[in-house]
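Student: Pasting a structure here, questions to come.
Every number here is computed from the coordinates shown, using simple stated rules; none is lab data. Small disclaimer: the values here were computed from a predicted structure and weren't measured. Positions of Cβ are backbone-derived with ideal geometry, glycine not excepted, and every protein chain shown enters the neighbour counts.
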Amino acid sequence: MSENSDDNAHPGGLNRRAFLKAAGLGSAVVGGAGMAGFGYAAGKDPDTYLGWQNQEGASLVFRRDGYRVDKPTYEVVGETRRMDARTHQIFERRGRFMAEYRRILGARRGMDGEEGPEKAAITPGDFSEPLRSYYREQPQDLELDILAVEEIMPRLRADSREYGDRYVLARAWSNAMGAVGPDPIREPPEVNDLPRDRRGRPGEPVRLKDPARTAELIKAVAMQFGSTLVGITELNPDWVYGYPVHGRGFEDTEEPLEIPDWWTYAIVVGVPMSWDPMYANPTYGTSNDAYSRSRIIATRLEAFIKTLGYAARTHVPGTSYDLMVPPVAIDAGLGEQGRHGVMITPEVGCNFRPAVVTTNIPLATDRPIDFGVQDFCAHCKVCAEACPSGAIPMGEKEEVRGYRRYKIDTAKCLNFWNSNLGNMGCRICIAVCPYTRKANWLHRMALEVTANDPTGLSERVLTGMHKGFYPGPDPEEYYIPSLGGENASFRDPPWWLRTEDFVDLG
């Protein structure tokens, strides 16, 4: 039989061997093209930007469009009013209280003809305004503030001398992560906030085409700066403090804060705290790491906006802010407020430390979201059960300055901050929250189920599983030893924060 017989022929005119060669070559070409296309697509995927997975929002796992609502899920139930930071912002009030407390004791020690007058009970009438009126309305907070200075702080100092060396690495890490400005603002808002050119002259705004496109630009730039989430809202004046706090450039902190006209929009940025130390709260975690990064992001964004000729001002919790940040972030569509008072996001739960930039650059805004947090928190109560101080309520929401929300006892909360060793603060409520999970497939699946289950059954099942699989110490164990505790952490610290493995404690 000849080599050209039908046995080796193909209808297309090629023999079998030639056909197989052509088919193999074609497959190789197609396969190579596929691999090239796959490689090109993978190279364009932001997930491959090592260390910058969120550079283009690639880490976002929750699509908010299906959950947009016309108004936030908190309720307006009365006449709203702005917070008086002098008395209701716990850090500002405690600072004022300490100064007044020292003044009162000093005056009493200087009295003639009385034996030990400083031991007499301190009453609201001993204070000057606004603390006098506040303590008359809230006498329990006067008791808690006195408790802090007379009992808790001395115990903390004593226990720190005995046990504090164990947490030297945790403190060093916290201090290092917090070693970023900004310096106190020393100029009034009309100088500090408004753009200036290199010669100090007022900056001229560039002509922007469209607020929606500008919003896209701002979000892209914020993520280039490192932000995990970005949201934009018109600034609700209710969220601005009624009186200025110190170090923000206002000449008189006893005069009401007049909101500048250019605080029109609020851009919210932020990042999560480092995950492993966060779960080892209260002793090993710190908010400084995330707030420092958020501060850098917001400060860079402020500079970016001012360069375009528009006003901008950075607000960063912990050190320098003129407004309540969580409700601003909620208005910007990043999450909902939970029972513990912290904003819960779909992506990282409440492990999110935000900063805000107020500005007048024309922007399209985001709508708030409702993904089921209110129903979940109504029955979950994990944070309230774990709270050592009892600051998180087990009961229903209350009216707070015209809004219905869970009312947090901030004085109890801050007193516990001074009742455990390690880093300043607590953050247990964040660590134990069922929403606080890394954005893996299991978290995404549970989130989708609970957000779309109208019966609420899945929420109860998952809450029960959470309590069974992730038990923590008894809340009393979080306290310092002299207060009957063991200085416990919710989870063990990461290996690099175990002081005893690196430092000779003698």
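Student: Give the order of Tyr135, Tyr101 when sorted by the count of other beta carbons within 10 angstrom, beginning with the fewest.
Tutor: Starting with the residue having the fewest Cβ neighbours, the order is Tyr101, Tyr135.
Student: Which trypsin sites (Lys or Arg not before Pro) does the stretch 198-286 hold that lie in a coil by DSSP with at most 14 other beta carbons within 10 Å?
Tutor: Arg198, Arg199, Arg207, Lys209
Student: While we're on this one: Just grab the label-to-label distance for Ser133 and Val149, each label 7 Å out from Cα along the Cβ direction, in nm (one decimal).
Tutor: Label at Ser133, label at Val149, 2.1 nm between them.
Student: Something else: Rounded, prolate or oblate: pick one for the stretch 64-501, where a ≥ b ≥ c are the square roots of the eigenvalues of its C-alpha gyration tensor, a/c under 1.5 means rounded, and failing that, prolate if a/b is larger than b/c, else oblate.
Tutor: The shape class here is oblate.
Student: Next question. Let me make sure I get this right: for the stretch 364-506, a, b and c are the square roots of the gyration tensor eigenvalues over alpha carbons, sorted descending. Under 1.5 in a/c it's rounded, otherwise prolate if a/b > b/c, else oblate. Which is it?
Tutor: It comes out prolate by the Cα gyration axes.
Student: Let me ask you something else. What pairs in Lys219/Lys306; Lys71/Lys209; Lys397/Lys438 have C-alpha atoms more than 24 Å from each other?
Tutor: Lys71/Lys209; Lys397/Lys438
Student: Starting from the Cα gyration tensor of the stretch 198-282, take the square roots of the eigenvalues, sort them a ≥ b ≥ c, and report rounded, prolate or oblate (rounded when a/c is under 1.5, otherwise prolate if a/b is larger than b/c, else oblate).
Tutor: oblate
Student: I've got another one for you. Let me check against my output: what whole-number percent is the relative contact order of the stretch 376-477, with C-alpha pairs under 8 Å and at least 6 apart?
Tutor: It comes to 30 percent, rounded to a whole number.
Student: For the stretch 375-390, just list the computed ³J(HN,Hα) in residue order, Karplus coefficients 6.51, -1.76 and 1.60, θ = phi - 60°, integers in Hz, with x standing in for Gly and Pro.
Tutor: Using θ = phi - 60°, the values come out as 5, 5, 5, 4, 10, 5, 6, 4, 5, 5, 5, 8, 5, x, 8, x Hz.
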